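The values are calculated or read from the model by the stated rules, or taken from the named source; none is laboratory data. It should be emphasised that the depicted structure is a prediction, and the values quoted were computed from it without experimental measurement. Note that each Cβ is placed from the backbone with ideal geometry, even for glycine, and that neighbours are counted across all protein chains shown. Please note that ligands, DNA and RNA were not included when accessible areas were found on the heavy atoms of the full protein model with its side chains. Shrake-Rupley method; radii C 1.70, N 1.55, O 1.52, S 1.80 Å.
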Amino acid sequence: MSNETPIAPRVPRATYRLQLRREFPFEAAERAVPYLAALGISHLYLSPILASRRGSVHGYDGVDFTHVDPEIGGEDGLRALVAAARRHGMGVLADIVPNHMAVGGADNRFWLDVLENGPQSRYAHYFDIDWDTPDPAFEGKVAAPFLGAPYGEALANGEITLVFDPHMRRLCAAYYHHRFPLNPGDYGEILRAGDASLAPLADQFDEARTPEAFKEARAELAREAGETLEATLKRVCEPERLHPILERQHWRLAWWRTAGDEINWRRFFDITELAGLRVEEEDVFEGVHAEIFRLYGEGLIDGLRIDHVDGLADPAGYGRRLRERLGEIAPQRLPEAPEGPAYLLVEKILAHDEALPADWAVDGTTGYEFMDAVGGLLHSADGEEMFTDLWSEISGRYPDFASEELDARNEMLVRNFAGQLDAVAHAFHDLARLDLETRDVTYHALRRALIALIAAFPAYRTYATAGAAPGSDAPLLERAVTAAKEMAGPGEAAIVDLIGGWIQGVGVADQEVRARAVVAFQQLCAPVAAKAVEDTAFYRYGRLVSRNDVGSDPGRFAIPREAFHASAMDRAARFPHSMLATATHDHKRGEDVRARLAALSEVPAEWADRVGTWLDLNRRHAQDRVDPADEYVFYQMLLGAWPFGLAPDDREGVMRLGERLARWQEKALREGKLNSSWTEPDTEYEEACRRFVAEVTDPNVAPAFLDSVHAFVEALASVGAANGLVQTFLRCTTPGVPDCYQGREFWDFSLVDPDNRDPVDYGVREAALGEEASVADLAGRYQDGRVKQRLIARLLDARLHRAELFAEGDYAPLEVRGHRAAHVVAFARRRSSSALIAVAARHLAEPLIGGDALAPPAEWWGDTTVVTPNDVLDAEMSAALDAGARRTFGRETKVADLLGPLPVGLFVLG
């Protein structure tokens, strides 16, 4: 046996997502490497590694793209982690955030330079700032809506002050932790307002004409800083003296509530602390990626995840440019690093009938569409009507999701994105004025048409640039235009058509003006979709919340088996190396919460009875203070998140679960924006909900209710666990690269973040992986999660030994015959002389509910068989989940003979 360490493959066999932060730095990740290698992971998949805001728990609030974050160990820590990974033949993927940076505070030197120097800053074009707005108050200025109170109030109360910041060596306006550097041209006036001893320094600033002269003057100011300077600045802080100084700056302070209406720079969604970057500009692209390119060139990273690609002006152009640059760097990589080309993924939410464009030069997406497909596969369409009626009856809200989404889109546009909408309307108005035929189309008419078009848009965005829109945009745009015309006011449908034509490049007098308008439109569509759908409507529509997760369409209650097969075949043909995910740092509820709740779709009548009982039992706790819709969704979450082994009379354990649910519910209420919100929390209603949750999760207060919930959890436990194993199995066997989110090789009953970013005990997991126990033994005590881990390990071992089959093999659905055929998903994959047959069971409530088995008994399957494809007929195949077992496949094979103690079976040839 060779002692040489294998080099990680270019395309990962399996990735493992690690959320780095101060409490889990590179050093902690390094300690987990031997375990992850033993599990079968080929690539570490790291959250953002460049410098982020101090104390960040996720890394998406970057403040400096020129170095590795010191809070998680800096470059030394990264090098040690990569060295450990290389010793185990593993690669490293990194998450990058080219769309935005964190702003506000005092930690982003690029942003602070823009505030200080305005349009003349060397970084002014890094950020997507409109320096020439129709509002003269913002001419040449950056809106700074960071105040916690109206400007006049904050000024009068002395909350805005002038300080000398020793770290920045600059005079700044200060508002708590925020710093706003002053124009150097104002230093002289300010210094003269105090002691005469500062006059020479004031003269030095007045006479400074070059950056070097200003730097020297600032150094002198730093040496002179003391009580005299403090007294001078305090004198200038009187409102009548301070206001004129503030008004002369390259920024305009404002109350945070004005941001949605008056901001003149693109944000990440509607988050004022995150400012959009313009990586479509070549020097910005190079500056933002320079450190990442260096790390790739030195073999410290092997691939990239591109965060929120839909926020970029031109995702296709960005992907191609990134691929080109990495290709140029690849020859200089070290020999122990995987060869290029780099593995590239984009975070992209696809509508169910939307395809990832083939010309982006990427390997695929981060797998949200798979999470949707496999989740929908596990839901039974038979329960849809009863669930819809029950939700509508209890909540009094729309029975359909589309109506909820439309309302949310309209609300987001006029409340949270009004300023950005105005900018888009002005851009199209500029375009209209260039043509005699459209010069009379007014700004307000265009604005109304844009609202209808964006509200009706069935996907995140289109991808038009300076040329014509890509053909893939046409069907989505056509649907949006048709729906928007139905919503348009009298005589304004033609304006919707006009905008649709402009987006497609039809009837345009000036392509440059058109490109500006279309890009602005597209960069508004994406955040509106994200905030309206995922972060609003998902929290309003509670029919069955296992269908409300990132990348899913809650309006599709279940996904037919044929549609699941079609998506897998398409992936094999177009993006065979796309990532497959079932849990992420952004999921709304854990993968096994969703798997358990999916079982409810099979027992709608029993669910309705239980809910009716719980509503009656808890009426005295709700006391008409809690919205029935919120109460109904809470029952789903309690049922789904109830851990294995938690007894209803375990007061400490149940109340701890209640505390987690209370934190989830507060976020859910504020995201939903019906009974509370982030901008205007209804503390009285939130307290009523907290009190309700606390009371009904206290065994001393609500024992009958908790006994009933626990009994239902116990009844559904094996069904939910079986569903969890099936989605894990399909993640590891269908075309694509399976990702395991940190710790989710055990059961995942997490809630929305930050609950889903909880610490992971790798010692327990490593010990479990080394345990010598059969799959049957582990299935018999499935509650401890080890059976899920063992399933993953066996499947990843199969991927290791038949890497080409799993990476490049085709996908062919297999015919299933017999009475229970609808309960089986079976497919074959083939590559050269290798092949596999995979079989998974679904919709298992009938045979499993109330029991402990994870697979139905043989008699339940009866005559159900899988038809063997001709090219493996009579071939002897190995059972990947049952070491050493082999079987020969005849023309038809009974499903009961293929599953054993688990609801899945994998058989490989070659």
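Counting only helical runs of four or more DSSP H residues, what would the 222 nm mean residue ellipticity of the chain come to if each run contributes -39,500 (n - 2.57) and the total is spread over all its residues?
Theoretical 222 nm ellipticity from helices: -14000 deg cm²/dmol.
Could you work out what % of the accessible surface of the stretch 1-140 is carbon and sulfur, using a 1.4 angstrom probe and leaving DNA, RNA and ligands out of the count?
Details: 2650 of 5190 Å².
Carbon plus sulfur share of accessible area: 51 percent.
At a 1.4 Å probe radius, which order do Ser392, Ser552, Ser833 fall into by accessible area, largest first?
Accessible-area ranking of Ser392, Ser552, Ser833, largest first: Ser833, Ser392, Ser552.
So what is the diffusion coefficient of the stretch 1-107 in µm² per second by Stokes-Einstein at 10 °C and 1.306 mPa s, using a Kirkwood Rh over Cα pairs?
Approximately 110 µm²/s, per Stokes-Einstein.
Which whole-number value in Å² is the accessible area per residue of the stretch 456-557, probe 1.4 Å? Provide the component values of the computation, followed by the final result.
On the way: 3160 Å² over 102 residues.
Here the residues of the stretch 456-557 average 31 Å² of exposed surface.
Trypsin sites (Lys or Arg not before Pro) within the stretch 404-464: which are DSSP loop residues with at most 11 other Cβ atoms inside 10 Å?
Numbers: sites: Arg409, Arg415, Arg433, Arg439, Arg447, Arg448, Arg461; in loops: Arg433, Arg439, Arg461.
Passing sites in the stretch 404-464 are Arg439.
Taking 8 Å as the Cα distance limit and 6 or more residues as the minimum spacing, I'd like the relative contact order of the stretch 403-515 as a percentage.
Relative contact order here is 28 percent.
How much length, in nm to one decimal, is gained on full extension between Thr679 and Asp758, taken as 0.36 nm per residue of separation minus their Cα-Cα distance?
So the extension gain works out to 25.8 nm.
For helix 74-87, what angle does its Cα long axis make with the longest principal axis of the chain, in degrees from 0 to 90 and rounded to 10?
20
What do you get for trypsin sites (Lys or Arg not before Pro) in the stretch 185-283 restricted to DSSP loop and a cutoff of at most 10 other Cβ within 10 Å of the site's Cβ?
Loop-located and lightly packed - Arg209.
If I fit a long axis through the Cα atoms of helix 683-696 and take the longest principal axis of the Cα atoms of the chain, what angle between them do I get, 0 to 90°, rounded to 10?
Result, in degrees: 20.
Taking the Cα centroid of the stretch 206-284 and of the stretch 471-519, what is the distance between the two, rounded to the nearest whole Å?
Cα centres, the stretch 206-284 to the stretch 471-519: 40 Å.
Could you list the chymotrypsin sites (Phe, Trp or Tyr not before Pro) in the stretch 643-691 that lie in coil according to DSSP, counting only those with at most 15 other Cβ atoms within 10 Å of their Cβ?
Values: sites: Phe644, Trp664, Trp678, Tyr685; in loops: Phe644, Trp678.
Passing both the DSSP loop test and the Cβ count: Trp678.
Distance between the C-alpha centers of the stretch 798-850 and the stretch 688-764? Whole Å please.
Using only Cα atoms, the two centres lie 26 Å from each other.
Can you give the angle from 0 to 90° between the axis of helix 703-733 and the longest principal axis of the chain, with both taken from C-alpha atoms, to the nearest 10?
Between helix and principal axis, roughly 90 degrees.
Roughly what % of Cα-Cα distances in the stretch 327-456 sit above 17 Å, to the whole percent?
77
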